[in-house]
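Here it is, the structure, as structure tokens.
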Amino acid sequence: MRPNTISFEPLKGAAPLRDGGPTTFAELAIARALLHTNSRIEPVEALHLAIRTTDAARERGLPSEFLAATLLQESAYDADAVSSAGAIGIAQFMPSTAAGIGLDPRDPEQAIDGAAALLHGYIVAYAGRYVDNYSAALAAYNAGPGAVAKYRGVPPYPETIDYIATIFDRWARIRSYEHPPHRSRH
């Protein structure tokens, strides 16, 4: 090797965005989680979607990792996803729901914004009514607000209970990619 030449051989095969160390940026943590969940997505697209998710969450006062965990559970951020029930896109909106709120469920940015708005609305509506308004919001997103009203909280549906637990697990996993910023001791 020539003097003053840097060797990148030790970095061969590294994927810093996917496999980097802890970060203080939620966007990087979300992109990392997305890349670990959806192998078909390119790192640049993962970062773009993570930034959009963080922006949409902050606009609604939601934890960005919570919104990301929900979207990862819904579709792994696959804009072309279609469920057996007919739900479409990243946020898995039913066509009637998407039409009712005026969004294209296949458009990633509209879907992310729509999911943030819907979850925020549920969280606000359930604050003070249920012990855990985040669980109630997820139950409404999964089983519908009618089921939450009927059961006065999370309905006893195994699918909904598993859905909520999985999202809370994903939320914690995304947070594990982060570390708090260092504070000076002045």
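The values are calculated or read from the model by the stated rules, or taken from the named source; none is laboratory data. Worth saying up front: this structure is predicted, and the values here are computed from it rather than measured. Cβ sites come from the backbone with ideal geometry, for glycine too, and all protein chains shown count toward neighbours.
What is the one condition in (1) over 22 Å from GLY114 (Cα atoms); (2) in a helix (DSSP H, G or I); (3) at pLDDT 90 or above that LEU17 does not satisfy?
It is condition (3) that LEU17 fails.
Filtering the range 20-48 down to residues that are at pLDDT 80 or above, outside any helix (DSSP H, G or I) and in contact with a Phe, Trp or Tyr (Cβ under 9 Å, 6 or more places away or on another chain), which residue is surrounded by the fewest Cβ atoms within 10 Å (Cβ to Cβ)? Spell out the reasoning first.
Residues of the range 20-48 that are at pLDDT 80 or above, as a first pass: 25-48.
Still in the running and outside any helix (DSSP H, G or I): 25, 38-42.
Pick out the ones that are also in contact with a Phe, Trp or Tyr (Cβ under 9 Å, 6 or more places away or on another chain) and you get 38, 41.
Values: ASN38: 16, ILE41: 19.
Residue satisfying both the conditions and the ranking: ASN38.
Limited to the range 49-78, what total is found for residues that are closer than 21 Å to MET94 by Cα, more than 9 Å from the chain's Cα centre (by Cα) and surrounded by fewer than 19 Cβ atoms within 10 Å (Cβ to Cβ)?
Here the count works out to 1.
Follow-up question, since we're still on this one. Can you tell me how many residues in the range 36-60 are of a type in the set (A, V, I, L, M, F, W, C) and over 10 Å from TYR77 (Cβ atoms)? Walk me through how you get there before you give the answer.
We begin by selecting, within the range 36-60, every residue of a type in the set (A, V, I, L, M, F, W, C); these are 41, 44, 46-47, 49-51, 56-57.
Of the ones still in play, those that are also over 10 Å from TYR77 (Cβ atoms) are 44, 47, 51, 56-57.
Of the residues in that region, 5 qualify.
Turning to a different aspect of this structure: How many residues are touching a residue at least 24 places away in the same chain (Cβ under 8 Å) and surrounded by fewer than 17 Cβ atoms within 10 Å (Cβ to Cβ) when one looks only at the range 110-140?
Of the residues in that region, 1 qualify.
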